[in-house]
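Reading through the structure tokens given below for one structure.
The numbers here are math on the coordinates, done by the rules we state, and not lab data. Remember, it's a predicted structure, so these values are computed and weren't measured experimentally. Here the Cβ is made from the backbone with ideal geometry for all residues, glycine too, and neighbour counts use every protein chain on show.
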Amino acid sequence: MLKIRVIPVLTFNGFALVKTKQFGNPRMVGNPMQAARVYNSRNVDELVFIDIFATKQKRKINHAVVKQVVNECFMPVTIGGAVNSVQDINDLLQIGADKVIIKSAALRNPAFITEAAKVFGSQCVVISADVARKGTELKLYDPEGGQDRDIADFIKEAEERGAGEILINDVMNDGMMEGFDLDLFSELSSQTRLPVIACGGGGRPEHFPPLLENSNITGVAAASI
């Protein structure tokens, strides 16, 4: 059985760390290098560092900052933010990333998942799937509009195209710290054979054991806690 990984998430706005609630109302909370240094001293299993504004602002993630964060870490580091091409992935790997997160590009151009997996290997490719409840349905969250895809279909396609891991973000519970939506993660993790990282809702230590009883969850990511 795979060890359950505890994965802090650092979300970045281009110059400082930010925290959000339900993917909105970002507030600055500090320096990414200092935070990475703390997590490294706590022996966390992995670290995720994402520039959550890079795609919207049509710019690349700041490679100098990424390199500084990676240099503070002695654990695997996964980087995300406007990863749209093979060159983007290569650049991040060259400065020390172990894996990359692809989100918007995977939604707009699913063939990019296939290309990335072919060039770099599936183990390097993490697909981020943001999900929100709409009534009784789970839908892929797409703030840019133009997509109304079923989240299970998107996860299945990502697996078929060669992704190595799925990061599922529960938008409604992002930053709320009131506990995980266990039904949401149970339903979606059962749709794939890939390792699943669950993110969204962790606020107290007792929130985590019920989530981790699900054998399909191989990692739990958290920011606010």
| Distance (nanometres) between label positions extended 7 Å along Cα→Cβ at Gln22 and Lys3 | 3.8
| note | Mean projected area, convex hull of alpha-carbon positions in the chain, reported to one decimal in nm², is 11.2
| field | Structure-based [θ]222 nm, the chain - -39500 (n - 2.57) summed over DSSP H runs of at least 4, per residue, nearest 500 | value | -8000 deg cm²/dmol
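Over the alpha-carbon set of segment 81-123, divide Rg by the Kirkwood Rh and report the Rg/Rh ratio to two decimals. Spell out each step's value before the answer.
Numbers: Rg = 9.5 Å, Rh = 10.3 Å.
Across segment 81-123, the Cα-based Rg/Rh ratio is 0.92.
What does the C-alpha gyration tensor say about the overall shape of segment 1-126? Classify as rounded when a/c is under 1.5, otherwise prolate if a/b is larger than b/c, or oblate. Don't skip to the answer; put the middle values down first.
Values: a/c = 1.59, a/b = 1.18, b/c = 1.34.
Taking the square roots of the gyration eigenvalues as a ≥ b ≥ c, segment 1-126 is oblate.
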| message | Sequence gap at least 6, Cα distance under 8 Å: using those rules, report the relative contact order of the chain to the nearest whole percent. | response | 19
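Using R₀ = 25 Å, calculate the FRET efficiency as 1/(1 + (r/R₀)^6) where r is the Cβ-Cβ separation of Gln68 and Val119; round to 0.05.
Working: r = 26 Å, r/R0 = 1.05.
For R0 = 25 Å, the calculated efficiency reads 0.45.
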